[in-house]
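Nothing in this text is a laboratory measurement; each read-out follows from the coordinates by a stated rule. What you see is a predicted model; the values in this text were computed from it and never measured. Every residue, glycine among them, receives a Cβ derived from its backbone with ideal geometry; neighbour counts consider all protein chains shown.
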């Protein structure tokens, strides 16, 4: 992903968009989490498109007595939402030594159906007009129709003495991807970066693509 384009790129339409590919490459290198592996996955998914916005999420997970790390990278290009996820694994039947696996997914921006942002703000900060209302936690959920979550519960009527079977009622919601960032765990800057990416994604999906 050794892209050293200028800070802007010109589309076929003539519009100019920011190109943050070099900035992304530097941030991937800074994490120290298999940067060559992560960069290779990103480069293949980009297909030479410029990166207009991105967010990295690097965290450990506990696997019995060992700590395993993984990293998720969300990227925006002028036409697509890209998701890459890299895990590290212990030796197993797949390979006799520890290894990494990287999964990438490309979603056309026109296919994005919903961008849901959930903010958790302490009540004390929300009620204090003098305080900055900085979320303690943010959850970004993106839906593009590939996965839906169905929540069902028994249906009921208003008659408390009714014993009839009213079947089930429920809700269906898009749940293709969800990312949670906490200020306590990752820091306030990480929360701000996720919010910034959510704003960028909302902006590009709120207008028709050419």
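Worth a mention:
- Counted by neighbouring Cβ atoms within 10 Å, the residues 134, 165 run from fewest to most as 165, 134.
- Residue 26-residue 62 FRET efficiency (beta carbon distance; Förster radius 25 Å; 0.05 resolution): 0.25
- Label-to-label distance, nm, for residues given as residue 184 and residue 156 (7 Å Cα→Cβ offset): 3.3 nm
- Rg/Rh (Cα only; Kirkwood hydrodynamic radius) as it applies to the stretch 8-110: 1.05
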